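As structure tokens, the structure follows; a few thoughts come after it.
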Amino acid sequence: MNKKQKERLLRIVITAVAMILLWLINPKGLVRGICYLLVYALIGTDIIKKAFAGIKNRQPFDECLLMVIATFGAICLAIYSGSGDYVEAIAVMLFYQIGEFFQTYAVGKSRKSITDLMDICPDYANIEDEEGNLEQVDCDEVETGSIIVVKPGERIPIDGTVIEGTSTVNTAALTGESVPRTVKEGDNVISGCINLSGMIRVKTTCEFEESTASKVMELIEDASSHKSKSENFISKFARFYTPVVVYLALALALVVPLIRLVMGMEPGFGQWIYRALIFLVISCPCALVISIPLSFFAGIGGAGRCGILIKGSNYMETLANAKTVVMDKTGTLTCGVFEVTDIYSDNVDHNELLHMAAHVERYSKHPIAESIKKAYCNEKDGCTVSDIEEISGQGVKALVNGRRICVGNSTFMENIGSKWHECDHNGTAVHVTFEEDYAGHIIISDKVKAQSKGALESLKKCGVNEIVMLTGDVAKAANTVAEELGITRVHSDLLPTGKLETLEKIMSEKKDKKDSVIFVGDGINDAPVLKRADVGIAMGALGQDAAIEAADVVLMDDDPGKIAVAIKIARKCLSIVKENIWFAIGVKVICLILGALGIANMWFAIFADVGVMVVAVLNAIRCMYVKRIENV
Amino acid sequence: MKKTYKIDVDCAACANKMEVAANKTEGVKECVVNFMALKMKVEFEEGADVDKVMEAVRANCKKVEDDCEIFL
């Protein structure tokens, strides 16, 4: 509780006590009026002050001003009618203050718990001075390449490489993964992880601001500035709602009695003005304005806790409407770690074939090239490699010791006119030619992730109609994976541009405008596709800036099961948002009608106003509790 | 150019008002107020004097919601 809140609470308590005393003593006449006015002044000073500031700044529909008019009106009516019932006006002010108090308190509390939940940046880093004493310094002051010491139980403040010590680290805050990871000398560690067992020395590889933890925090904080449709609706609604209700109140107070007067009935000014005042009490749209962004913020915070970064409230909405999920194969459904599993050759020594292929792929960063180089570990020998030319999506050719060697897929073989032949083994075949002669092929396979099958099942269970697999890989390798996972629609042999075209085609097949298409990739070469899809999800993106940049949703680890979890979180959040919208607007409309008919009194109105807000805020906070979804 | 400022404000509706007021201030290209994080992100027009613009933004915000504060 801050100072403002404490002061407000004190005033609420004093007013409540004074009201009880006045009720017990029950003074009469002028004394009564003065006593109650004093209490009114006590509880309402700040509101009255704000109301006048509102008039001065030409903000006529300021809620404080409306409250003041409503309560002051009630007091005037009490004097005018001679009933001496001042309690109502003070009670309205009192409950309004209680509502405001609760609102700032609850919002402050939940803001703190959400940010605490996401607070993965430590406040300091340990640096060793010359005498070996540890000194705590501000993370911002640590330069790249410094050596920091992370003690057991501390969070790693900055990304870096371990140079001394072994330990286990808990990555849960970033990935949602609860099994600790072991790190030793030479391993990279990411900021935000908690060091569990041993002391490690880390050489930082970037500055604090560039570190994973800082970036993740910034993403989450920025997320709420991408406003969803519901939020835009609410801010528009709030802009119209208050003036409309105020004009209605004016109409009730003036027009209705005038019509009655013309029709020859008793105008009943007092009664109609009272009803108009009830309108003013209900005119604040606060319950809506506060609970909708709070719901989204809580949902995004909760999802972050499971290792799912949602980059905006608007993506929550599209995620919830997901009907089609398009997935990349390599690295998404499969492990993305290629291994040479077989070598076939008719007349060349297997080792020689691998040796030549490794030389040609020397500078290529393609996963297939990496795996060939891994299989032939002493690639950098005395051989001369020159004239390397990489043909994107096909292969690489180069001169090795003056001999022209081509390494690539079947298209490449066709293009260079080689006498290649099909291979009947599972996996991707990389063909190799020596000069004009076909030398053989290397089989590279990738394993399907253990969680993939379960992930697809849970996607189907949560209402995804179609799952499509896109891949740059050959049809055979793609079909094997698709069969294993039960995917019926597969597009293979796609270049990055082909992936984009296929996705656009799938998006144009949508039945309903509201349905959305999700693309899931590992972010390595599908950035344009990630951007084009309604929601682009990047997987296993920890430490990959390009993927984090291009995607709308980032899964910190590479478990495809998280896609369904993300959809479920989004749905839950959206349904809470809808509940709040309907509940808040519904109750207000009912109150307005009852008030206009004279059934509801001011007590009823203030309860509706404050009560609705309390319920809506509590409901919004439910968005944060997503742990149960994850375990379903 | 973009900058982020810490703010203090009590209610979400007031935060919306601040956003509208800040966006109307000369020199501000776009301003987003994040009530949940209590932060204000301001993108300035080319060549605007940041300090002066922010003073104006603060004054305009105080006009619509005198309980607010922007920490410059």
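Give me a single rounded figure for B:8-20: the average over its residues of other chain Cβ atoms within 10 Å of their Cβ. Counting other chains' Cβ atoms within 10 Å and averaging over B:8-20 gives 5. Of interest is the spacing of the C-alpha centroids, which for region A:539-610 and region A:27-58 amounts to 37 Å.
How large is the dipole of region B:2-71 about the Cα centre if only Lys and Arg carry +1 and Asp and Glu carry -1, each at its Cβ, rounded to the nearest 20 debye?
140
Select from region A:13-118 those trypsin sites (Lys or Arg not before Pro) which occupy a DSSP coil region and have at most 12 other Cβ atoms within 10 Å, ordered by residue number.
A:K28, A:R58
Note on A:V337 and A:F233: with the Förster distance fixed at 41 Å, the Cβ-Cβ geometry gives a FRET efficiency of about 0.35. Rounding to the nearest 10 and keeping the result within 0 to 90°, find how far the Cα-based axis of helix A:475-485 lies from the longest principal axis of chain A. The answer is roughly 50 degrees.
Of the trypsin sites (Lys or Arg not before Pro) found in region A:216-248, no site is in coil according to DSSP while having at most 11 other Cβ atoms within 10 Å of its Cβ. Here the Karplus relation 6.51 cos²θ - 1.76 cosθ + 1.60, evaluated at θ = phi - 60°, turns the backbone of region A:595-604 into coupling constants of x, 5, 7, x, 7, 8, 10, 5, 4, 4 Hz, with x for every Gly and Pro. Annotation: amide H-H contacts under 5 Å for A:R489 (H modelled 1.01 Å from N, sequence separation of 5 or more, or interchain): A:M469.
Return one quarter of the surface area of the convex hull spanned by the alpha-carbon atoms of chain A, equal to its mean projected area, in nm².
Details: hull surface 158.2 nm².
Projected area, direction-averaged: 39.6 nm².
Mean residue ellipticity, 222 nm, helices only, chain A: the sum of -39500 (n - 2.57) across DSSP H runs of n ≥ 4, divided by residue count and rounded to 500, is -16500 deg cm²/dmol. For the residues of A:105-114, the average number of beta carbons from a partner chain within 10 Å of their own beta carbon is 1. Relative to the longest principal axis of the Cα atoms of chain A, the long axis of helix A:63-81 makes an angle of roughly 20 degrees.
Of the beta bridges DSSP finds with both residues in the protein assembly as shown, what % are antiparallel, to the nearest 5? If you can, show how the numbers build up before the last one.
Details: 69 of 88 bridges.
So the antiparallel bridges in the protein assembly as shown amount to around 80 percent.
Listed values for region A:145-158 are Karplus-derived 3J(HN,Hα) couplings in whole Hz (6.51 cos²θ - 1.76 cosθ + 1.60, θ = phi - 60°), namely x, 6, 10, 10, 10, 10, 8, x, x, 9, 7, 6, x, 9, and x replaces Gly and Pro. So, counting K/R as plus one and D/E as minus one, what does the shell of residues with Cβ under 9 Å around A:K329 add up to? Summing Lys/Arg as +1 and Asp/Glu as -1 gives -3. Working from Cα positions, state the angle (0 to 90°, nearest 10) between the long axis of helix A:496-508 and the longest principal axis of chain A. The answer is roughly 40 degrees.
Test of understanding: what is the full-extension gain from A:D349 to A:H421, defined as 0.36 nm times their sequence separation minus their Cα-Cα distance?
On the way: separation 72, 0.36 × 72 = 25.92 nm, distance 1.80 nm.
Fully extending the segment from A:D349 to A:H421 adds 24.1 nm.
Mean separation of Cα pairs under 8 Å and 6 or more residues apart, divided by the residue count, gives chain B a relative contact order of 42 percent. Annotation: extensible slack from A:V137 through A:Y105 equals 8.2 nm (criterion: 0.36 nm per residue apart, minus Cα-Cα distance).
If the only charges are +1 at each Lys and Arg Cβ and -1 at each Asp and Glu Cβ, what is the size of the charge dipole of chain A around the Cα centre, to the nearest 20 debye? Present the calculation step by step, with values, prior to reporting the outcome.
On the way: 64 positive and 77 negative charges, 962 e Å.
Dipole size: approximately 4620 debye.
Between A:R489 and A:K578, what length comes free when the chain is fully extended (0.36 nm per residue of separation minus the Cα-Cα distance, one decimal in nm)?
On the way: separation 89, 0.36 × 89 = 32.04 nm, distance 3.44 nm.
Between A:R489 and A:K578, full extension yields 28.6 nm more.
3J(HN,Hα) along region A:342-357: 7, 10, 10, 7, 8, 9, 10, 5, 4, 5, 5, 4, 5, 4, 5, 4 Hz, from the Karplus curve 6.51 cos²θ - 1.76 cosθ + 1.60 with θ = phi - 60°, whole Hz, x for Gly and Pro.
Please state the shape class of region B:2-71: rounded when a/c is under 1.5, otherwise prolate if a/b exceeds b/c and oblate if not, all from the C-alpha gyration tensor. Could the numbers behind the result be given before it?
Working: a/c = 1.87, a/b = 1.54, b/c = 1.21.
Cα axes put region B:2-71 in the prolate bin.
When the protein assembly as shown is described by a simple charge dipole with +1 on each Lys and Arg Cβ and -1 on each Asp and Glu Cβ, the residue from A:L261, A:I12, B:V57 located farthest towards its positive end is A:L261. The rule of thumb for compact globular proteins, 2.2 N^0.38 Å, goes into the C-alpha radius of gyration of region A:139-226 1.07 times.
When only Cα pairs under 8 Å and 6 or more residues apart are kept, what is the percent relative contact order across region A:272-371? Don't jump to the answer; show the numbers that get you there.
Details: 28 pairs, mean separation 15.4, N = 100.
For region A:272-371, the relative contact order is 15 percent.
Tell me the net charge near A:N465. Cut-off is 13 Å between Cβ atoms, A:N465 excluded, with +1 for each Lys or Arg and -1 for each Asp or Glu. Each step should come with its number before you reach the end.
Numbers: positive: A:K323, A:K460, A:K461, A:R489, A:K510, A:K511; negative: A:E466, A:E509, A:D512, A:D515.
Here the count lands on +2.
Per the Debye formula on identical point scatterers at the alpha carbon atoms of region A:339-445, with no solvent, log10 I(q)/I(0) at q = 0.11, 0.15 Å⁻¹ is -0.27, -0.52. Along chain A, counting only GluC sites (Glu not before Pro) with a DSSP assignment other than H, G, I, E or B and at most 13 other Cβ atoms inside a 10 Å radius, the longest segment between sites is A:186-421.
Each reported figure results from applying straightforward, stated rules to the coordinates on display, with no laboratory input. Remember, it's a predicted structure, so these values are computed and weren't measured experimentally. Backbone-built Cβ (ideal geometry, glycine too); neighbour counts: all protein chains shown.
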